[in-house]
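The values are calculated or read from the model by the stated rules, or taken from the named source; none is laboratory data. Quick caveat: nothing in here was measured; it's all calculated off a predicted structure. For neighbour counting, all protein chains shown are included, and Cβ atoms are generated from backbone atoms with ideal geometry for every residue, glycine included.
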Ligand code: SF4
């Protein structure tokens, strides 16, 4: 990882107009920078806005407000041509590899397509060599090229999705829950593959996950999201050693510990109730309806995003002076 900022997200908002005066505030003002070569984890329960954030950063959704700068250029202000070139550098890996791979295409066609769209490897032999190399890079082999997605296991299909994402030699990959649909035993293999590829190719990752169990092993820093807002951001180590926000503590306490003695002795923070609707979020702190530490002020004032220790940010009245 370098100190050079590759991606800068500033006060990004993505709202959806539902008609009749209703607005769904899926992402409601998030800010962070990602350094070149870094893995940045974005974590929160399903419905917290993290996938919408990923798609808005990728440019698949327009932004309602705020900005996403990639290498200093605002992606939502790019011309068509600039966006086409930019999309070579930024790729996405999806949660459900089966849904994201065309079942009627061979693996060769799936991986070759982005290169054909961008006019790369026009010569057939060169294209074939590139596809074979990509298959080997992700732990598959050239014999797999002529098969169809349904002939593969979930883990292998995710490897095909990764090979496709690597086809244009990108700098930056948004991995949207890339392991959540896989068996636990396969999850670790895919995480190790992503780490290996990062080292070999100098990739930068935005890794989106709904829990903190696996994201810890891959991320340099982690941001926790709740109901469209970021509630905590720090290094992966500090988040586990010293979680500040009550929501982060609850997410951490949901991870099982392999030692049965420690597992039995520890206190769990169980979150009561469902995630409130982002159409009608609670006043003040959006977490207050489920927070075990909620105070009167939490309903009245939005907590301020503050740095509690170098690089460790939190939005919670418990830490305000
Ligand atoms: Fe809980 Fe209040 Fe902190 Fe929100 S601001 S997390 S309700 S203590």
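Could you say whether any residue in the stretch 102-121 is touching a helix residue (DSSP H, G or I) at 6+ places or on another chain (Cβ under 8 Å), buried (at least 18 other Cβ atoms within 10 Å of the Cβ), modelled with pLDDT under 95 and within 18 Å of residue 152 (Cα to Cα)? So far as the stretch 102-121 goes, no, none of its residues is touching a helix residue (DSSP H, G or I) at 6+ places or on another chain (Cβ under 8 Å), buried (at least 18 other Cβ atoms within 10 Å of the Cβ), modelled with pLDDT under 95 and within 18 Å of residue 152 (Cα to Cα). Applying a threshold of 8 Å to beta carbon distances and a minimum spacing of six or more residues, or different chains, the list of pairs starting in the stretch 306-321 at a residue that is without any contact (Cβ under 8 Å) to a residue 40 or more places away in the chain and at positive phi and ending at one that is more than 14 Å from the ligand (Cβ to nearest atom) and outside any strand (DSSP E or B) is empty. Based on this model, can you work out whether residue 286 counts as more than 7 Å from the ligand (Cβ to nearest atom), within 21 Å of residue 234 (Cα to Cα) and part of a loop (DSSP other than H, G, I, E, B)? Spelling it out, residue 286 is indeed more than 7 Å from the ligand (Cβ to nearest atom), within 21 Å of residue 234 (Cα to Cα) and part of a loop (DSSP other than H, G, I, E, B). Of the helices (runs of 4 or more DSSP H) contained entirely in the stretch 159-260, those carrying at least 3 residues that are free of Cβ contacts under 8 Å to residues at least 60 places away in the same chain, at negative phi and surrounded by fewer than 22 Cβ atoms within 10 Å (Cβ to Cβ) fall at 184-201, 236-241, 246-253. Is it true that some residue in the stretch 125-144 is under 29 Å from residue 46 (Cβ atoms) and in contact with a strand residue (DSSP E or B) (Cβ under 7 Å, 6 or more places away or on another chain)? For the stretch 125-144, residues under 29 Å from residue 46 (Cβ atoms) and in contact with a strand residue (DSSP E or B) (Cβ under 7 Å, 6 or more places away or on another chain): absent.
Taking the conditions (1) within 12 Å of the ligand (Cβ to nearest atom); (2) under 23 Å from the mean Cα position of the chain (by Cα); (3) more than 16 Å from residue 47 (Cβ to Cβ) in turn, residue 320 satisfies each one other than (2). Check residue 83 against each of (1) farther than 16 Å from residue 152 by Cβ; (2) surrounded by 12 or more Cβ atoms within 10 Å (Cβ to Cβ); (3) modelled with pLDDT of 90 or more and name the one condition it does not meet. The one condition residue 83 does not meet is (3).
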